[in-house]
Amino acid sequence: MVSALPLDDSEIARAVEEMIAEHGDEALTKANDRVKKLKSEGFDSIAKTWMLIREAINDEQELGNKRGEPS
């Protein structure tokens with residue numbers, strides 16, 4: 001079984017903030033692309049970590065949309 005790299009919640013939150021700051025509305029797409037690329041290259045544990053980051057980006061963007069905030 002492949003597990004994610006051991007990042008704590010603050011490290012994942014920081015990655016999410018950086019991705020959203022750098023890519024805005026495209027952050028989720030960029031994270032998804034990164035997951036796909038890492039999986040295709042055989043870096044499964046890193047891909048799993050990026051899956052967590054991708055999920056957190058999605059959650060953050062959905063929450064912002066519910067609040068009516070621009071992403």
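A short reminder: the numbers here are calculations on the coordinates, not readings from a lab. Predicted model only: the values in this text are computed from it and were never measured. Don't worry about glycine lacking a Cβ; one is built from the backbone with ideal geometry, like all the others, and counts go over all protein chains shown.
Condition test on D44, is it charged (D, E, K, R) and more than 10 Å from the chain's Cα centre (by Cα)? For D44, the condition - charged (D, E, K, R) and more than 10 Å from the chain's Cα centre (by Cα) - is met.
Pairing residues of segment 1-30 that are closer than 14 Å to E60 by Cβ with residues that are acidic (D, E) and part of a helix (DSSP H, G or I), at Cβ distances under 6 Å and at least 6 apart in sequence or on separate chains, gives V16/E60.
The test for being farther than 21 Å from S3 by Cα and among the small types (G, A, S) does not hold for G42. Tell me whether segment 23-36 contains one or more residues that are of a type in the set (A, V, I, L, M, F, W, C) and out of contact with any helix residue (DSSP H, G or I) (no Cβ under 6 Å at 6 or more places or on another chain). So far as segment 23-36 goes, no, none of its residues is of a type in the set (A, V, I, L, M, F, W, C) and out of contact with any helix residue (DSSP H, G or I) (no Cβ under 6 Å at 6 or more places or on another chain).
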